[in-house]
1. Placing +1 on the Cβ of each Lys and Arg and -1 on the Cβ of each Asp and Glu in region 104-186, which of 111, 158, 132 has its Cα farthest towards the positive end of the resulting dipole?
2. Enter the per residue convex hull volume of region 143-277, computed from alpha-carbon coordinates, in Å³ rounded to the nearest integer.
3. Compute the Cα gyration tensor for region 149-209, then decide on rounded, prolate or oblate, letting a ≥ b ≥ c be the square roots of its eigenvalues: rounded whenever a/c is under 1.5, prolate when a/b is larger than b/c in the other cases, and oblate in all that remain.
4. What percent does the relative contact order of region 243-289 come to when contacts are Cα pairs within less than 8 Å and at least six residues apart?
5. Among 411, 369, 358, which residue has its Cα positioned farthest towards the positive end of the charge dipole of the chain, with +1 placed on the Cβ of Lys and Arg, -1 on the Cβ of Asp and Glu, and the dipole taken about the Cα centre?
6. Determine the dipole magnitude for the chain: charges of +1 sit on the beta-carbon of Lys and Arg, -1 on that of Asp and Glu, nothing else is charged, the reference point is the Cα centre, and the result goes in debye to the nearest 20.
7. Among all the aspartates and glutamates, which ones have a C-alpha under 12 Å from residue 415's C-alpha, if same-chain residues fewer than 8 places away are not counted?
8. Ratio to report: Rg/Rh of the chain, with Cα atoms as the point set and Rh obtained by the Kirkwood method; give two decimals.
Amino acid sequence: MKHITTIITVLFTALFLMAFYPIDGYNKTGIKRLKRLEKTLDSTITEYYLRKGSFKKYDEINLWMCEKTIPVDSIMTVDKEFQQEMLRLFPSRSGYGITVLDMTDIDHMRYAAMNENSGFQPGSVGKIVVATAFFTELRNLCPGDFNVRTELMKNKVVKSGRWGLYDHHTIPIYNIEKDSFIKRTVIASDEFTLYEWVDHMLSVSNNGAASIVWREALLMRIFGDKYFTLTQDEADAYLEKANRSELTNIAIDLVNQPLRDLGITQDEWRLGSFFTNGPDKYVGSKGGSIATPKGLMKYFINLEQGLVIDQESSLEIKRLLYMTDRRIRYGASPQLNDAALYFKSGSLYSNNKALGTPYGEYKGNVYNYMNSVCIVEHPNGTNYIVCLESNVLSTNSAGAHMYLASAIDKQIRKKYELTEKKK
């Protein structure tokens, strides 16, 4: 009898049905979907899935470690008691890696880690690397004035072209004049401002938008000051004639060097390829992509210290990660409803029916990567960072991360609830 093996491979490198940035940010950024969300502030429309923690305003988002810079290695020193509290939450430690930093009391922070040097396929968490490269190149163009950088983001419009193709994840499109709202996939003729492309990349984790933002960072590096007036036709003409090998080297270097500048090694976090196939004509892949819980935590500590590029850029990246829409995976935990979340998730899984083991969405039986990075800020001042990565086969990783989010939150908050009772 002839055996037929059916392999079902599902690659999800993004999260969906989510949006970021403070709701009142339209005037600052020109991101049109925020204009629609502003209506939730005066109850003109009701987004039933918004949580209490989703309504922080632009000026209410802060960095927590700017006043006193402490070496990252000193912060990432394991607190033995906290370590045991966190380890007890994992019945099985195989397939998981995590770092947790309780920064509720900045003068007495607590750090825990498990399998922190294990490497995982980062999926869409790698889009944070693209955002960092983009803001790095903006800084290089306008080193002295952050307002010039944001004005460029707000006013420069660029076209998708083949770079934004192909991705099944939709983007939100709001027509202010007609008050019409749709969601659809990116098409080659789409034109948005730089701010909106960055928002599409992080808010709905659109892969095409990530490739376009990376392309624009590449063009900033190549053209320097001429980028301010660079037309779409000029950019397209250059890319058509450019040497693919040289362009690949520049592209890979410009996204990874900012991580090295933060003390994050190549083995702790690196990005090696674009997020869509459209750019393949112009650039290739190099070095592969990997992330470790240790490397991710190093990044977020630097972010809170205002050291990712500069303080203004660090704060703007944090705003871009602030969740103001439906929460999923780790962020879906009801324990976090009242908390402000600064969040990115990414998954990559593969299924093979012939293996005979359970499989499904976020339940890969060949590989099953799930990544969650999250800054949690509770109204009572309990603040912490979690970098959780996993590759546990035949397990619903979205549900597992949500369960762990609840368990971690309860354990951290317990300390401060007990302290309050003693007073």
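The values are calculated or read from the model by the stated rules, or taken from the named source; none is laboratory data. What you are looking at is a predicted structure, and each value in this text was computed from that prediction instead of being measured. Cβ atoms come from the backbone with ideal geometry, glycine included; neighbour counts cover every protein chain shown. Side chains are part of the model used for accessible areas, which takes the heavy atoms of the whole protein and leaves out ligands, DNA and RNA. Shrake-Rupley method; radii C 1.70, N 1.55, O 1.52, S 1.80 Å.
1. Of the candidates, 158 comes out farthest on the positive side.
2. Working: hull volume 18.2 nm³, N = 135.
It comes to 135 Å³ per residue, whole-number rounded.
3. Numbers: a/c = 1.55, a/b = 1.09, b/c = 1.42.
Taking the square roots of the gyration eigenvalues as a ≥ b ≥ c, region 149-209 is oblate.
4. Working: 44 pairs, mean separation 23.2, N = 47.
Over region 243-289, the number comes to 49 percent.
5. Towards the positive end, the residue furthest out is 358.
6. Roughly 1200 debye for the chain.
7. 81, 85, 102, 105
8. Details: Rg = 21.2 Å, Rh = 22.0 Å.
Using only Cα positions, Rg/Rh for the chain is 0.96.
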